[in-house]
Structures are given as C-alpha cells and as structure tokens.
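*Asks:* This is the structure, below, for whatever I ask next.
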Amino acid sequence: MKKYLMTLVKYLKPLYFTYFLFGTLLVNILKFLILPEDNLILFVSFGGKKFDDSPRMIYEKMIQDPRFDRYELVWAFHEPSNFDIPRGKAIKTDSFQYYLTALKARSWITNSTVERGLNFKGRRTFYFNTWHGTPIKKMGADLLQSDKPVKRKAQWGVDVMAAQSTYESAVCSQAFQLDKEKFFVCGLPRNDDLVNVAEETQQAMKKKIGIPLDKKVILYAPTYREYERDSNFNCVLDPSIHFGNWKKELGNEYVVLLRAHYEVAKVLNIETDDEFVFNVSDYPVLNDLMIASDLLISDYSSIYFDYSILNKPMICYAYDYEKYADKRGLYFDIRESLPGGSISEGELLHLVKNLPYQESLDLVRAFREKYVESYGNATTASVDKIFENIALVEESSIQPVE
C-alpha cells in the first residue's frame, strides 16, 4: 500500500505539490532545531532499495580506512531488517529518524537522491553523488513535461557528482541543473572491479551464479519503459522476444542471464526456462553478472558504458527505437555505435550466431574511448575527495590554542 501511495504522489501533480511544499517546509524548520554531527555519514543506494552500487564500494573502502575510524556510518533502507552490513547502522527511510539523521549528517553519499522528493539539506552536509550510470535516455529537466513524473530530478544540494566522462558531465549538468564545476571525472566506484578481469574470475562467477561452465553466456539487460504500466502503476516489461526461439537457435552453445530493470523486476511478463534463461533480476551484484557473461544485449540502458570496460562484445537490440525516442527521448542514437539496432528478433539471433568478433571489439573500444574516459580507481578517488571536503570544515572550525 505504501509503495502504491508513493507512486501516486510521484505521478499526480496535486498530490506531489502538496507533499513537496509541506514536506520541504517541515524538514527545513526541523533543520534549525537540531545540531549537526561532524562524525556522521549517511549512505543511500537507489533511494533505500539496496546495499550495493557505488555507495557500497565507497563504504567498504571507508571501513578499511583509518581516517574514518571515528565516523558513525549509517545506511538507510526501506526494509532495514533485510540487510546485514558490517560496522555500520541501518535505519528506515521515510521515518522521523531518517530525516533527523539526514539533517545531522556531515556527508551524504548516494547514487540517486537522499531528499525523498523534497528540497532540503543539512546545515553542514557535504553531498556526494555518484549517480547510477551514464545516460543514453533523457533525464530530469530534459524530459518532456507530459511524459515525466511530477518529481523533478534536479539535484539542488549536490556538492560533487562523480562522472565517467566529459560527455556525462555535460549531459548531467543540464539534466540535473548543476554547475559543470561540480562534476568530478574519476569514473564510477562500482566499476573498479571490471578492470583486467581474468578468465579464472569469469569461471568462478559462473560457478557462483549457478550457470553451466561449458556454455557461452548472454547477458540480456533491457531498461524499463515508464510509459508502459499496469493498473497499479507498476512498470511492465513485455519485450518483442520469444525465448523459445532463442533456445532453439542458441541453446546448444549459449545460456541467457535475464536482468530486468528494478522498476519492472517484480512484474515481469516473460516466461523463463531454468535450463536456458536464468532470471537474475534480483541477483544482488550486477558486476558478477557482467563478469560471468561473454556478450551483452541491451537497448537504451546505461549498462553499455559499464560493460565496455570489460572489452567484450555488445549488441544493441532497439526493436522499439522510434516509439522509445518519441516517448522518452534519447541523447544520441545508440544504433550508430554498436552492432544491431532496430532489428527483428530473427535478425538478432542471426547476429549473435555470426557476430564478427574482432570488428565488434573495435566498436566497443571506440565506444569506451568516447564515453568512458576514466575508470579503475574511482573508489579511492571518491573516498579521498569526500575526506578532503569534510575535513576542511572541521579544521577551519578549530580555534588555535593560545
């Protein structure tokens, strides 16, 4: 029920504006009634859904870094009891404790937002945002007003946002209404593990996931279509594919890992076959799936940018390109960068079976050089940047002893 109500608030203008105005006012009044805590850091991943992605990489680096020994590290989740985190404390999102913690915190670290659709920030908070991928599809201020949620994606209070490239900085600066000077081109911490992956590591990941070791692995990771929803406002995924055909054409040599976007993972309209198609939409670590696979198939997802670091083939399956470009909007035509494009299912399967390997790798390298300028050391760079900024204020507040 709560999820349904939050979705209504997100998509119905009168409800959202009421929530935004009164919620923002109340939280900002509360801000001046509490004292900031200089040793408190708040982590939020995908709005409280997960314990993963770049915030987790930063967190795991911090708990090994003696500079952060005296800091209290807090994670916010929709369901705190579902997560067991080392050292840190877990609290529930949308609770009074959550807003109190957010206002007290010396730093926020997130890959999405912390404000829960409101506009507030702690009096001494340093806001570090990694976001969760380089965009192909339009976001925030760039979305058509008629097709976007009421909730704006402006990142009002962000002090530093990590990025993989100048392309990403330029796009996100416009979409999130942020000064370009606030972008830190260091790569995404979540992608550090994708550099120089050995074949032994790939086999180990296959074993960990529980898929055949003697088959090639296709990772199929389509994004969601926010304009395709059921009666409960859930996004649905009903792509133009028939896995029975895939198994018939590819089953002797391949298996498929189906990774649906979290917006549609709970309401998949796809039948899977345990011997050929493995539904890994709820698998907790996306990097494991990318490392285990030999080939990526996607459409308009930011996974392309991350996967390109692995130097493996990628295919674009944009079967609904014209509709998606019209309904959502795109920053560039992904079909011009990779094999595939607006092809039929039959053409896709033929391409998989006859993919010119070296030529496809050349396209991946060109794609990476253009869109992923920095990778491999983002976690360390991010942790250093955060400490540098939260320590500066602390040092400036210390009065010299006479």
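*Asks:* Within segment 45-128, considering only strands (runs of 3 or more DSSP E) that don't extend past its boundaries, which have at least 2 residues that are touching a residue at least 40 places away in the same chain (Cβ under 8 Å)?
*Replies:* 105-110
*Asks:* While we're on this one: If you take the residues in segment 203-217 that are touching an Asp or Glu at 6+ places or on another chain (Cβ under 7 Å) and in a helix (DSSP H, G or I), which one is most open to solvent (accessible area, probe 1.4 Å)?
*Replies:* Restricting to residues being touching an Asp or Glu at 6+ places or on another chain (Cβ under 7 Å) and in a helix (DSSP H, G or I), the top hit is 208.
*Asks:* For segment 29-82, give me each residue that is within 20 Å of residue 132 (Cα to Cα), of a type outside the set (Ser, Thr, Tyr) and out of contact with any helix residue (DSSP H, G or I) (no Cβ under 9 Å at 6 or more places or on another chain).
*Replies:* Hits for segment 29-82 are 47, 49.
*Asks:* May I pose another question? Check residue 21 against each of (1) in a helix (DSSP H, G or I); (2) touching a Phe, Trp or Tyr at 6+ places or on another chain (Cβ under 9 Å) and name the one condition it does not meet.
*Replies:* (2)
*Asks:* Kindly indicate the residue of segment 116-136 that is at pLDDT below 95, of a type outside the set (A, V, I, L, M) and over 13 Å from the mean Cα position of the chain (by Cα) and also least open to solvent (accessible area, probe 1.4 Å) among those meeting that condition.
*Replies:* Result: 117.
*Asks:* What about residue 303, is it among the aliphatic types (A, V, I, L, M), out of contact with any helix residue (DSSP H, G or I) (no Cβ under 7 Å at 6 or more places or on another chain), within 30 Å of residue 85 (Cβ to Cβ) and at pLDDT 95 or above?
*Replies:* The answer is yes for residue 303.
*Asks:* Scanning for something open to solvent by less than 60 Å² (accessible area, probe 1.4 Å), in contact (Cβ under 8 Å) with a residue 60 or more places away in the chain, of a type in the set (A, V, I, L, M) and within 30 Å of residue 64 (Cβ to Cβ), does segment 336-354 turn up at least one residue?
*Replies:* no
*Asks:* Right, something else. Which pairs turn up if I take residues in segment 171-195 that are among the hydroxyl-bearing types (Ser, Thr, Tyr) and look for partners that are assigned to a helix (DSSP H, G or I) with beta carbon separation below 7 Å, at least 6 apart in sequence or on another chain?
*Replies:* Cβ pairs passing all conditions: 173/180.
*Asks:* At pLDDT below 95 and closer than 20 Å to residue 167 by Cα: does that describe residue 328?
*Replies:* Yes: the conditions hold for residue 328.
Every residue, every condition in (1) open to solvent by less than 40 Å² (accessible area, probe 1.4 Å); (2) within 24 Å of the chain's Cα centre (by Cα), yes or no:
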site	(1), (2)
56	no, yes
59	yes, yes
62	yes, yes
70	no, no
74	yes, yes
79	no, yes
84	no, yes
88	yes, yes
98	yes, yes
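*Asks:* Restricting attention to segment 330-369, which residues are of a type in the set (Val, Ile, Thr) and within 20 Å of residue 242 (Cα to Cα)?
*Replies:* Result: 343, 352.
*Asks:* Which residues, counting only those in segment 355-367, are within 24 Å of residue 136 (Cα to Cα) and either in contact with a Phe, Trp or Tyr (Cβ under 8 Å, 6 or more places away or on another chain) or open to solvent by 50 Å² or more (accessible area, probe 1.4 Å) (or both)?
*Replies:* 359, 362, 363, 365, 366, 367
*Asks:* Then there's this: Among the residues in segment 6-27, are any modelled with pLDDT of 95 or more, open to solvent by less than 90 Å² (accessible area, probe 1.4 Å) and among the basic types (Lys, Arg)?
*Replies:* no
*Asks:* Further question on the same structure: Looking at 294, 274, can you tell me which residue is at pLDDT below 95 and more than 14 Å from the chain's Cα centre (by Cα)?
*Replies:* Criteria check complete, one pass: 274.
*Asks:* Specify the residue that is nearest to the chain's Cα centre (by Cα); the eligible residues are those in segment 313-335 that are open to solvent by 30 Å² or more (accessible area, probe 1.4 Å) and not acidic (Asp, Glu).
*Replies:* 331
The values are calculated or read from the model by the stated rules, or taken from the named source; none is laboratory data. Quick caveat: nothing in here was measured; it's all calculated off a predicted structure. Please note: Cβ atoms are built from the backbone with ideal geometry, for glycine as well, and neighbour counts cover all protein chains shown. These accessible areas exclude ligands, DNA and RNA; they are computed on the full protein's heavy atoms, side chains included. Shrake-Rupley method; radii C 1.70, N 1.55, O 1.52, S 1.80 Å.
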